[in-house]
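What follows is a single structure, written as structure tokens, with notes after it.
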Amino acid sequence: MSSAWTVVVPGPFFGGFTYHLDRAGGPCPVPGVRVRVPFGQSERVAVVIEPVREKDEQETRPILEVLDEAPLLDERTLACLRWAAAYYHHPLGEVVFAALPKVLRGERRLEVEALSPTSAGRAALEEGAPRGERQREALSALAAAVAPVPVARLGPAAVRRRLVEKGWAEPTRITAPAEWPVPAEPGSEAAPTLNAEQQDAVEAVASAGDGFRAWLLHGVTGSGKTEVYLALIERELAAGRQVLVVVPEISLTPQLIDRFARRLAVRPAVLHSGLADGERLTAWRAVAAGTAGLVIGTRSAAFVPLARPGLIIVDEEHDAALKQQEGFLYHARDVLVWRARQLDVPIVLGSATPSLESLRHAWEGRYGHLRLTARASGARMPAIHCLDVRGQTMVAGLSPALLRAIERHLLAGGQVMLYLNRRGYAPSLVCHACGYVAGCPHCDAFLTWHRQIGRLRCHHCGFEQGVPADCPSCQAPLSVRGMGTEQLEDVLAARFPGFGIVRLDRDATAGKGVMADSLARIARGEARLVVGTQMLVKGHDFPGVTLVGVVNADQALFASDFRGPERFAQSLLQVAGRAGRAERPGEVLVQTHDPDHPVLRRLLAEDYEAVMAAQLAEREQAELPPTRFAGLIRADAPQADTARTFLEKVAEELRESSGEDLSVWGPVPAPLARRAGRYRFQLLLLARVRSTLHRALWQVDDSVGSRRLGGRLRWSIDVDPIDLA
Ligand code: ADP
Ligand code: ZN
């Protein structure tokens, strides 16, 4: 009889590897534990996936060591990881290791030193020994415990050493307990009385029972979605079940954690990449063990094991940050919907601007549709107006009408927020004499001028250079073209001195604590002007803001991606939602050269769902997602030919084998056709039926996997791509 196991290691391997256990005694591997195995000429840490039967030991190599006493990943989590690896066509080992906290990807054992009492120790205790109070305390604690006690709980080292020397206690090693503190003070803040829409939403979810059901909570900005979450979370915690809350951005976690902690009698466990490894490990284990009842995390928390799951919440479910854009290309929202079904618990997807995917599920009855149509505080939704900037004399990208509005709001005591989705000082430096534009030597892109640091920078590959004094080809002076947030900040600071200004973009908030500082300056009213990129769009609550200016709507309106209009509508409503959240009514001004653009018109005249319904009709017409299932195959190489011919061959094979059910578009150059010195091409696959798409993708995996790829070609599969760039 031999016993063998399939294990996975990180790396580009689609299957697992088989090893056997060649010694009797000692712990036996079970799925979800780590083992140390020989691998090629060296050794690796691997995770056991499943036992295999009838394997000849001669053919397999032995497991060297079992590293965990208990599985790190339970069976349901392992099943989810296996599904995700298959669905997203990504190597299982990569997926499994990505799901572990970093500390556990290596050999580190989850062990701590502990003591257990000996029979001599118990006898001594009964006879009134030891004399020393601290020794007696420690020994009593040992005798009272059902299992060995970690030394950290047993007083000073000298005391413990005495117990061992006297033969009253024995040192041993045990798996570190996964503990999670209960706050000393239960949540002190009272919940507001929910309004009718909020109550209906809570009631709908509650009355549907404990089992799987997906809900779309579509609530306008400030409508009190978080209060709905809180009410639902309270119910689950009271019933002894866990709640997992996933948000798209790290920067959204502190405010949510604060709010949850003030209200609920639990300390939320937090999981995001900004934590120290040790903190993350502690939180992860507490969730997996079920000692932590509430967990808030970013994307990767979608895979955390849950010991007693009750409810899953995805906030800002439309946000592209929920999709991982490199390596393992999963969408946390979609993974969580799958998981909710597997765990048989409800899932609530919340947003002021839901994705077309989720709206369609709601319209067609697959998801419950919960609507919050008014602001909870009673504040009115801001009025949105277009500013037609055709023929206007612009000052640094700002029309006279917008400048007047800024002045009016500042003088009336309001705060003003200006949204411009382009960082740096200017997106390009040009020569008016000869037409030279400073471009990246490695990408098909211009270099952005970052004036504060005096550098030209490529936003695609990170290339940097100094700023040339004049045109490198004709020596004429260079001038700036276009606007970035740095320039906007300069211009506004000069024009409205004394009002205080804060810039929120990736450059301005890079240092530790800078973001929090900036948000505090805005909250205290020290900064009355706020300039920023996409960062402004993300859920922050700025009650003093009365005017939001969208500096350049055209940039998004004319994006090449088929999701451009959807994204535009989402960003516009999200950034508009920052205005007038308190007593003072808000105003939103949108600068555009195309005030008659249908998306813009519909957004101003009707509502978000009307815009999205029109989008859905267009997508159906064009046979695009979400009415079709999509997969994108990307390839890049130092030579354009290598990447193109590779995809041409793939396309040809697919066209031969798949028939009419599958549309194969391309290959075409990627929107950014050259990046970091590599030429990029892509092939889009579309199918009416999910299984048709996956069959095609498996075929590609099989056929490419068996082929030798030369020319430093890289390729990848993106299932349900959200970004065609
Ligand atoms: P959202 O998550 O939809 O943006 P929040 O839950 O943050 O909305 O609520 C917006 C504001 O309204 C918050 O200041 C919140 O305290 C307040 N609020 C929410 N629900 C109520 C309610 N039922 N009564 C009074 N104020 C409320
Ligand atoms: Zn570049």
At 0.36 nm per residue, minus the direct Cα-Cα distance, what do Gln475 and Glu185 gain on full extension? Give it in nm, one decimal, please. 97.5 nm
The range 308-452: C-alpha gyration tensor shape, a/c 1.5 cut-off, then a/b vs b/c: oblate
The chain, dipole about Cα centre (Lys/Arg Cβ +1, Asp/Glu Cβ -1), debye to the nearest 20: 1320 debye
In the range 384-423, what trypsin sites (Lys or Arg not before Pro) fall in a loop by DSSP, with at most 14 other Cβ atoms inside 10 Å? Arg390
Cβ crowding within 10 Å averaged over residues, with 122-134, 376-388 ranked highest first: 376-388, 122-134
If all Cα-Cα distances of the range 96-137 are sorted into 10 Å bins from 0 onward, what percent lands in each bin, rounded to whole numbers? 21, 29, 13, 17, 17, 2
Computed, not fitted: 222 nm per-residue ellipticity of the chain from DSSP H runs ≥ 4 (each -39500 (n - 2.57)), nearest 500, equal to -9500 deg cm²/dmol
Approximate spin-label separation Ser3-Ala196, in nm, with each point projected 7 Å along Cα-to-Cβ: 6.4 nm
Could you work out the mean projected area of the convex hull around the alpha carbons of the range 285-334, in square nanometres to one decimal? 3.7 nm²
I'd like the isolated cysteines in the chain, meaning no second cysteine's beta-carbon lies under 4.7 angstrom from theirs. Cys28, Cys80, Cys386, Cys461
Please give the per residue volume of the convex hull enclosing the alpha carbon atoms of the range 155-233, rounded to a whole number of Å³. 210 Å³
Assuming R0 = 25 Å, can you tell me the calculated FRET efficiency for the pair Ala676 and Glu648, based on Cβ-Cβ distance, to the nearest 0.05? 0.60
For the range 234-307, what relative contact order do you get, as a whole percent, if you take Cα pairs closer than 8 Å and at least 6 residues apart? 42 percent
Please identify the DSSP H helices in the chain that span no less than 24 Å along the helix axis (Cα) and have a mean Kyte-Doolittle hydropathy of -1.0 or more. 640-658
From zero up to wherever the largest Cα-Cα distance of the chain sits, split into 10 Å bins and tell me the percent of pairs in each. 3, 12, 19, 23, 20, 12, 7, 3, 1, 0, 0
Over the chain, give the accessible area per residue in Å² for a 1.4 Å probe, as an integer. 44 Å²
Kindly identify the range 433-570 as rounded, prolate or oblate by the Cα gyration tensor criterion: order the square roots of the eigenvalues as a ≥ b ≥ c, call it rounded if a/c is under 1.5, otherwise compare a/b with b/c, prolate if a/b is larger, else oblate. prolate
If we sort 242-251, 460-469, 410-419 on the protection proxy, mean other Cβ atoms within 10 Å, highest first, what's the order? 242-251, 410-419, 460-469
Under Stokes-Einstein, the range 490-543 at 10 °C and 1.306 mPa s, with its Kirkwood radius over C-alpha pairs, diffuses with a coefficient in µm²/s of 138 µm²/s
For the range 380-411 and the range 1-52, distance of Cα centres in Å: 64 Å
Lys/Arg +1, Asp/Glu -1 at C-beta; the chain dipole; positive extreme among Ala696, Gly391, Pro626: Gly391
Going by the alpha-carbon gyration tensor, a ≥ b ≥ c the square roots of its eigenvalues, is the range 671-718 rounded (a/c under 1.5) or, if a/c is not under 1.5, prolate (a/b greater than b/c) versus oblate? oblate
Amide proton proximity set for Glu50, modelled H, under 5 Å, gap of 5+: Thr6
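The values are calculated or read from the model by the stated rules, or taken from the named source; none is laboratory data. From a predicted model like this one, the values you see are computed outputs, not experimental measurements. Note: ideal-geometry Cβ built from the backbone for every residue, glycine included; neighbour counts use all protein chains shown. In case anyone asks, the SASA skips ligands and DNA or RNA and just uses the protein heavy atoms, side chains included. Shrake-Rupley method; radii C 1.70, N 1.55, O 1.52, S 1.80 Å.
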